[in-house]
Amino acid sequence: MKTFANLVEEVQKPGRCRRCGGCVTFCAAINYGALTQDPDGTPRFNDPEKCIECGLCYMFCPVIGELEEEARRKALWQEPMGNVLGVTVARAKDTSVREIATDGGVLTALLLRLFDEGRIDGAVLARGSGPFSRRPFLATTRKDILEAAASFAGPPVARDLVGGRYATFAPAISALGEQMRQGLRRVACVGLPEQILTIRKMQVLGVVPTDSLYCLLGLFCSGHFEFGQSGRKRLEKLGGFAWADVEKINVKDALHIHVQSRGVITIPLEELDFMRRHACRFCTDYGAEYADLSCGGLGAEPGWTTVVTRTPLGRAILADAVQTVVEAYPEADNPRAGDQALEALEQRSEWKRARAVRDGESVGTGSVAAV
Ligand SMILES: Cc1cc2nc3c(=O)[nH]c(=O)nc-3n(C[C@H](O)[C@H](O)[C@H](O)COP(=O)(O)OP(=O)(O)OC[C@H]3O[C@@H](n4cnc5c(N)ncnc54)[C@H](O)[C@@H]3O)c2cc1C
Ligand code: SF4
Ligand code: SF4
């Protein structure tokens, strides 16, 4: 039976740990206390003696191929980029939601609708904890859901520009422990592709509390970007802007930096490898392929969200939202909006997969199928 000690050798030491929190959350959730997580999300042994060698942490890890076939069946996954029942470009009807959202505010609108209708009693989300950094938490009120809207917001205040690290990632899975403590029975979970895969694997085994998750809402992902002071300087130089003037950053086809009085500065993702997390080089999932619904700004006009319907549950959630809180891109303005978004998603998914295969080979680690 492989255990956390094997994760250390096979995942952490080669720099492939994505700090998704899956291994620790499950272990901590059942009070074994064998594992703990550093502030930056890195898992480590807290007390190796308490490890009962059940092997579950190893099986859930998204970098490891275990349970992947079963997770694929559960998510109706198919080649080349997961199940796609439809692609819709949409935005929240409520302009006050759109104003605070990352793209079209579809996720926030959906979550509010599910909450108001009593179909969920909470949601695992991430909210701002400083400039361009977020912390996972369990939202249990409308106010919580609204506070968590947007992925990366600014502007940073002056003291935030000195020192500190900016990071786009938040280990959302760790908020599942809180879900269990509070005993919520119907919870939505928003997460990055690798987090959704980990949860699908947990669902395969019916592990508590994933049996209480109502739906999995995925975010498209090109990678996790983190940067300290020298990285910020390099980015300022690349884009010709000053951090003090940044209002918002957004990742889509490129990095879009909204700068006061200058509009949007765009930097190609290919130029950002210096701030992309090493482990993301081996990740093949762009479109949150194991989710019920996946969302991103890619392929949509600014202020709109591309939504991929992947499961019958996702289809039902979106169909209800389109009748109530969300509006689809007007067909009269562009009847091909959904098709164009799908094409953009196909291209980006292929781009990410090809890079992961290339990088996996170039470091001599063999297959990337484990992702
Ligand atoms: C690290 C990261 C990388 C991304 N990369 C891309 C990309 O390459 N291409 C692309 O098209 N889109 C990407 N996205 C998704 C995009 O930024 C938007 O979140 C998505 O388009 C939904 O927009 P919205 O306006 O509908 O969502 P909103 O209404 O703004 O809601 C966003 C929801 O996501 C939750 N959330 C935000 N950050 C996190 C996080 N780190 N972990 C878990 N939940 C979170 C918030 O709590 C909120 O509920 C990325 C998001 C993240 C967090
Ligand atoms: S990728 Fe996730 S599950 Fe795997 S070792 Fe890292 S934190 Fe644990
Ligand atoms: S690319 Fe995105 S989903 Fe993949 S490991 Fe990095 S942050 Fe996670």
Does GLY105 qualify as being surrounded by 21 or more Cβ atoms within 10 Å (Cβ to Cβ), touching a Lys or Arg at 6+ places or on another chain (Cβ under 9 Å) and on the phi > 0 side of the Ramachandran plot?
yes
Please go through region 38-71 and pick out each residue that is closer than 30 Å to GLU226 by Cβ and outside any loop (DSSP other than H, G, I, E, B).
PRO43, ARG44, PHE45, PRO48, LEU56, CYS57, TYR58, MET59, PHE60, GLU68, ALA71
Residues LEU112, LEU56, LEU35: which one is more than 30 Å from ILE249 (Cβ to Cβ), in contact with a Leu (Cβ under 9 Å, 6 or more places away or on another chain) and away from ligand 3 (no atom under 16 Å from the Cβ)?
LEU56
Turns out the strands (runs of 3 or more DSSP E) fully within region 205-309 with at least 1 residues that are within 11 Å of ligand 3 (Cβ to nearest atom) are 213-219, 246-251
Considering each residue of region 98-108, count those that are within 7 Å of ligand 1 (Cβ to nearest atom) and in a helix (DSSP H, G or I), and give that number.
3
So if I check each of LEU111, LEU85, which one is surrounded by 23 or more Cβ atoms within 10 Å (Cβ to Cβ), more than 16 Å from ligand 2 (Cβ to nearest atom) and not charged (D, E, K, R)?
LEU111
From the set of residues in region 46-67 that are of a type in the set (D, E, K, R) and free of Cβ contacts under 8 Å to residues at least 40 places away in the same chain, which is surrounded by the most Cβ atoms within 10 Å (Cβ to Cβ)?
LYS50
Only one of these is among the hydroxyl-bearing types (Ser, Thr, Tyr) and within 16 Å of ligand 2 (Cβ to nearest atom): TYR286, TYR329, TYR290. Name it.
TYR290
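Where a number appears in this text, it was derived from the coordinates with a stated rule and is not lab data. This structure is a prediction, so every number in the text was calculated from the model and none was measured. Here Cβ is always computed from backbone atoms with ideal geometry, including for glycine, and neighbour counts include all displayed protein chains.
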